[in-house]
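Working notes, beginning with the structure itself.
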Amino acid sequence: MLSGLPLFAQTPAQVSAAVRYVEVDYSKVERRLQREPKYIAAPLYAMFVLDPAGAYRVMAVVDKTAPDAPFYDVLYLDLDADGDLTEPGERFVGVHDKERADAGLEMSFRIAQIPVPGTALVHKKFLMSTAPKKDRSGFWFQMLWDGKQEMSGGYGSLGLNTTAWSESLAKVPILRPCPLGPLHFATWGDDPIELKPGGETHVNVIAGIVGSRSDTLCVVDENFLDLERDALTVTVIAKDEKGQTVTETSRIKKHC
């Protein structure tokens, strides 16, 4: 049984020292909008928390340009966080590129920058896809936090699927693509993890900030942690042939 993946780790000191990270109680986050546009299809909702204090909460809604469109090709972002999605500059139309289907980007949205009100933060290169790769589900996004640190997600605790947006405002998933808080870990891949005595098993691990649900993990890139300095360990807990509990701890030494 693979049971010892660390629950969390502190982020590198040079990243977290500049701004204080505040935890968010997602059960108390208000999920509502004051005004919404007239939707063409059944809308799907999500929310992004885009500042360290947890106060800048951007509601996101996807719609279609036609009821029978194959993808959600319209994105609304409440960039001023006032609950009004009918304002100018908050509606974005996706770009269709069939040649990028294998990459999961057949329908994508790109926003050059998202300034965070009341701060000096400017997030850059926001990219979102509503067209998952073959045999996968959910929507995916990527961005540069403050124009520097790559964040992407959201992912689940196991597997390759990404966040399922909600049909209901009351059940909106909340994503927090911030690299400043404690990092939670998950395994990446659909293949069963089988450990054999004397053998080797390759396990891919991802790390990031978990949001309101298990499928909202927003992960850092593979270069965020310095594996020479930031010691990460995995402990395997198992039973031997006599039924006694045995453990073995290994250090993660390589990026994928």
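Would you mind telling me which numbered condition in (1) closer than 20 Å to Gly154 by Cα; (2) in contact with a His (Cβ under 9 Å, 6 or more places away or on another chain) Phe224 fails?
(2)
What about Arg35, is it among the basic types (Lys, Arg), under 27 Å from Ser166 (Cα atoms) and either modelled with pLDDT of 95 or more or touching a Pro at 6+ places or on another chain (Cβ under 6 Å) (or both)?
yes
What residue, among those in the stretch 125-151 that are of a type in the set (A, V, I, L, M, F, W, C) and in contact with a His (Cβ under 7 Å, 6 or more places away or on another chain), is farthest from Asp73 (Cα to Cα)?
Restricting to residues being of a type in the set (A, V, I, L, M, F, W, C) and in contact with a His (Cβ under 7 Å, 6 or more places away or on another chain), the top hit is Trp145.
Using the structure shown, decide if Leu50 is touching a His at 6+ places or on another chain (Cβ under 7 Å), within 25 Å of Val29 (Cα to Cα) and touching a residue at least 40 places away in the same chain (Cβ under 8 Å).
yes
Tell me the strands (runs of 3 or more DSSP E) entirely within the stretch 53-172 that contain at least 2 residues that are under 30 Å from Asn223 (Cβ atoms) and of a type outside the set (Phe, Trp, Tyr).
Per the criteria, 57-63, 74-77, 107-115, 122-129, 140-145, 149-155.
Report whether or not Val246 is surrounded by 13 or more Cβ atoms within 10 Å (Cβ to Cβ), among the hydrophobic types (A, V, I, L, M, F, W, C) and in contact with a strand residue (DSSP E or B) (Cβ under 9 Å, 6 or more places away or on another chain).
no
Among all residue pairs at least 6 apart or on different chains, which show Cβ distances below 8 Å where the first residue, located in the stretch 238-251, is closer than 17 Å to Gly198 by Cβ and the second is of a type in the set (Lys, Arg) and surrounded by 10 or more Cβ atoms within 10 Å (Cβ to Cβ)?
Every condition considered, the pairs that remain are Val246/Lys239.
Filtering the stretch 37-47 down to residues that are crowded, with 18+ Cβ neighbours inside 10 Å and touching a Phe, Trp or Tyr at 6+ places or on another chain (Cβ under 8 Å), which residue is nearest to Ala69 (Cα to Cα)?
For the stretch 37-47, the residue satisfying everything is Leu44.
Looking at Phe126, Phe92, can you tell me which residue is farther than 13 Å from Gly147 by Cβ, out of contact with any Ser or Thr (no Cβ under 6 Å at 6 or more places or on another chain), surrounded by 14 or more Cβ atoms within 10 Å (Cβ to Cβ) and at pLDDT 95 or above?
Residue meeting the stated conditions: Phe92.
Please go through the stretch 147-177 and give me each residue that is buried (at least 20 other Cβ atoms within 10 Å of the Cβ) and charged (D, E, K, R), ordered by number.
Result: Arg176, single match.
Write out, first by first residue and then by second, each pair whose Cβ atoms fall under 7 Å of each other, whose residues are 6+ apart or on separate chains, and whose first residue, in the stretch 67-79, is of a type in the set (Gly, Ala, Ser) while the second is surrounded by 20 or more Cβ atoms within 10 Å (Cβ to Cβ).
Partner pairs satisfying both residue conditions: none exist.
Restricting attention to strands (runs of 3 or more DSSP E) lying wholly within the stretch 199-256, give those where 2 or more residues are more than 22 Å from Asn161 (Cα to Cα).
233-239, 245-251
Taking interchain pairs and intrachain pairs at least six residues apart, which have beta carbon atoms under 6 angstrom, with the first residue in the stretch 178-194 and among the charged types (D, E, K, R) and the second assigned to a loop (DSSP other than H, G, I, E, B)?
Asp190/Leu160
What number of residues within the stretch 149-202 are farther than 28 Å from Lys134 by Cβ and of a type in the set (Asp, Glu)?
1
If you check every pair at least six apart or on different chains, which have Cβ atoms under 6 Å apart with a residue in the stretch 85-103 that is farther than 18 Å from Gly138 by Cα first and a residue that is exposed (fewer than 14 other Cβ atoms within 10 Å of the Cβ) second?
Pairs found: Thr86/Arg35.
The values are calculated or read from the model by the stated rules, or taken from the named source; none is laboratory data. Just so it is clear, the structure is predicted and the values come from calculations on it, not from any experiment. Quick reminder, even Gly has a Cβ in these numbers, built from the backbone with ideal geometry, and neighbours come from all protein chains shown.
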